[in-house]
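Participant: Take a look at this one; I'll ask things after.
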Amino acid sequence: MAYQIDKNICVGCGACANHCCVSAIEHKDDRYEINADVCVSCGACESACPVSAISQK
């Protein structure tokens, strides 16, 4: 199951994208989004997020 980023919590720091091993996270409109078709659900982004904006769908 893919992860998702809560846009209301995301501060746009990019920590999640820097830890994504498959480059599934893209910067859009000052925040980040996870492409569910690319995400391998490894959880690296969730643990890297300093504001806990990432969770599994």
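Only the coordinates and a few stated rules stand behind these numbers; no lab work does. Keep in mind that this is a model prediction, so the values were computed, not measured. Please note: Cβ atoms are built from the backbone with ideal geometry, for glycine as well, and neighbour counts cover all protein chains shown.
Participant: Show the residue pairs meeting these rules: Cβ distance below 6 Å; 6+ apart or different chains; first residue within segment 3-17 and within 16 Å of Ser41 (Cβ to Cβ); second residue of a type in the set (S, T, N, Q) and part of a strand (DSSP E or B).
Facilitator: Tyr3/Gln56
Participant: Would you kindly identify the strands (runs of 3 or more DSSP E) lying entirely within the chain that contain at least 3 residues that are surrounded by 11 or more Cβ atoms within 10 Å (Cβ to Cβ) and touching a Phe, Trp or Tyr at 6+ places or on another chain (Cβ under 8 Å)?
Facilitator: Because the criterion is at least 3 residues that are surrounded by 11 or more Cβ atoms within 10 Å (Cβ to Cβ) and touching a Phe, Trp or Tyr at 6+ places or on another chain (Cβ under 8 Å), the strands (runs of 3 or more DSSP E) in the chain that meet it are 54-56.
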